[in-house]
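Heads up, the thing below is written out as structure tokens.
Every number here is computed from the coordinates shown, using simple stated rules; none is lab data. Because the structure is a prediction, the values reported are computed rather than measured. Don't worry about glycine lacking a Cβ; one is built from the backbone with ideal geometry, like all the others, and counts go over all protein chains shown.
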Amino acid sequence: MTKDPFLMLMGRPPPDVVRQLSDIVEAAGLVQRLGRRYFDPANSHQSFSNRHKDDAVELTRMIAVGSAIQAHAFDLSLDRIVSTVKDRIDWRFESSKGRTPEFDAMLRAVRAAFDCVDGIEDEVQHAPHVTFAYGAPERLRTLHFPAVAWTVDRTELVRRMEHPYRYETLASWPLLPASRGAVIQVPLF
């Protein structure tokens, strides 16, 4: 993971959701297994863009993109912990439902906003998840838990900072009210 600051669009869960997710990690004994690799829960987020260069021109473009997003608030329900492997092992919360129509609508809105701003591009290919360990020591078997849901109702433009690692909010925009029928029933079993 690069140490240079960067800009990114994201959604952040409220403190009560962060606490619930942290309790799940703790109860599963994963905090002890991770040590310093445990991602500070205060940094929990759902990415809506890739990383972008942190300079004045790109900042102006990212503000324009964030301002142009026309998406409805939606529920994100997380009910399992999985390992992902690319160039390293990451542990993250995911939804067993995968990408919902509401989540895909959000990504389409973000992609459309990028298309409206000259000089900036983004693939906008994200999955619903919240990573809590980058560079985990080993793969995990999938761990299931009762769903934890939150309504994603705002988008933030953040700058990734170092020492300590954190996300500084530079701008924030509310999403449109949730569409009718967009409420997700949390699984009962």
- Ranked on Cβ counts within 10 Å of their own Cβ, fewest leading, 134, 38, 165 go 165, 134, 38
- Cut-off under 5 Å, modelled amide H: who pairs with residue 154 long-range: 175
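Taking only the Cα atoms of region 31-92, how large is their convex hull per residue, in Å³?
152
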- In whole Hz, what ³J(HN,Hα) sequence does region 120-125 give by Karplus (6.51, -1.76, 1.60; θ = phi - 60°), x for Gly and Pro? 9, 9, 7, 6, 6, 10
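Explain nothing, just the number: dipole magnitude of region 89-189 about its Cα centre with +1 on each Lys and Arg Cβ and -1 on each Asp and Glu Cβ, in debye rounded to the nearest 20.
440
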- Query: Taking the Cα centre of the chain as the origin, how large is its charge dipole in debye, to the nearest 20, when only Lys and Arg (+1) and Asp and Glu (-1) carry charge on their Cβ atoms?
  - Reply: 500
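Compute the Kirkwood hydrodynamic radius of region 92-176, taking the inverse of the mean of 1/r over all pairs of distinct Cα atoms, and give it in Å to one decimal.
Values: mean 1/r = 0.0635 Å⁻¹.
After inverting the mean inverse Cα-Cα distance, the result is 15.7 Å.
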- Note on the structure: Summing -39500 (n - 2.57) over every DSSP H run of at least 4 residues in the chain and dividing by its residue count gives a helix-only mean residue ellipticity at 222 nm, to the nearest 500 deg cm²/dmol, of -7500 deg cm²/dmol
- Message: I'd like the Karplus ³J(HN,Hα) series for region 72-84: coefficients 6.51, -1.76, 1.60, θ = phi - 60°, whole numbers in Hz, and an x wherever there's a Gly or Pro.
- Response: 8, 4, 8, 8, 10, 10, 10, 9, 7, 10, 10, 9, 10
- Message: Sort 91, 173, 150 by Cβ crowding within 10 Å, fewest neighbours at the top.
- Response: 173, 150, 91
- Long-range amide H contacts for residue 161: which residues qualify at under 5 Å (H placed 1.01 Å from N, peptide plane, sequence gap of 5 or more or a different chain)? 166, 167, 168
- With the Cα gyration tensor of region 66-129 in hand, convert its eigenvalues to equivalent ellipsoid semi-axes via √(5λ) and list them largest first in whole Å. 25, 17, 7
- Message: On the Cα set of the chain, report Rg and Dmax in Å, please.
- Response: 16.5, 49
